[in-house]
Amino acid sequence: MQPSEIYVSTDIESDGPIPGPNSMLSFGSVALDETGEVLGKFYATLDLLPEAAGDPDTMRWWAEPKQAQAWAAARLNPQPPKVAMEAYVKWVDALPGRPVFVAYPAGFDFTYVYWYMMRFVGRSPFSFSALDIKTFAMAVLGKTYRESVKKNMPKRWFPENLPHTHNALDDAREQGQLFINILRENKARPR
């Protein structure tokens, strides 16, 4: 029997659009089984890459007063990226099933996490693939990709008690529950 899939909902905060020239500030992951049970959490803040610089547009966004609390959280007790990524890969490897990276948008968050894992650990426990929540919603809703934005998704999919705060762990938890709610609805549909 195949081990069950463990959905590792992940969110990152960065100082720019791409890893390498920009740094990942923090990231959080919440591991969920298909019922939505939380199997574990991981959160780390990272030292900036010495060769990187903050993107001016991104840094202006971080400088907005409404982002102050999230910025403070993303800079609290940073650790060397190698230390954080080694601990993360060890955490993912210890999960009781096959890990599936889940994000919204996966094209952004996975790019950073994968780049950091490959640079500082040399491997990815997710292989080189990720599940994008927006794309999954598109398939379930039967809409186009551009129509499948959060404002067009059913309110019942969104957890009421989990706000989107731009704290990576909070947002990983929130989007993980969004994913589980879409997954449940998809499984309940007649085939």
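Those residues that are closer than 30 Å to Ala44 by Cα, over 15 Å from the mean Cα position of the chain (by Cα), surrounded by 12 or more Cβ atoms within 10 Å (Cβ to Cβ) and of a type in the set (Lys, Arg), I need them from the range 117-166; list them, please.
Scanning the range 117-166 gives Arg119, Lys150.
Would the range 48-66 turn up any residue that is more than 15 Å from Val92 (Cβ to Cβ), in contact with a Phe, Trp or Tyr (Cβ under 9 Å, 6 or more places away or on another chain) and assigned to a helix (DSSP H, G or I)?
yes
Every residue, every condition in (1) farther than 25 Å from Glu174 by Cα; (2) out of contact with any Lys or Arg (no Cβ under 9 Å at 6 or more places or on another chain), yes or no:
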| position | (1), (2) |
| --- | --- |
| Met24 | no, yes |
| Gly28 | no, no |
| Glu34 | no, no |
| Lys41 | no, no |
| Ala44 | no, yes |
| Ala53 | yes, yes |
| Asp57 | yes, yes |
| Trp62 | no, yes |
| Pro65 | no, yes |
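Just checking, how many residues over the range 59-70 are surrounded by 15 or more Cβ atoms within 10 Å (Cβ to Cβ) and out of contact with any helix residue (DSSP H, G or I) (no Cβ under 7 Å at 6 or more places or on another chain)?
Number satisfying all stated conditions: 1.
Every read-out reported here was derived from the displayed coordinates using simple, explicitly stated rules and does not represent laboratory data. Computed from a prediction, not measured in an experiment: that's the story for all the values here. Here Cβ is always computed from backbone atoms with ideal geometry, including for glycine, and neighbour counts include all displayed protein chains.
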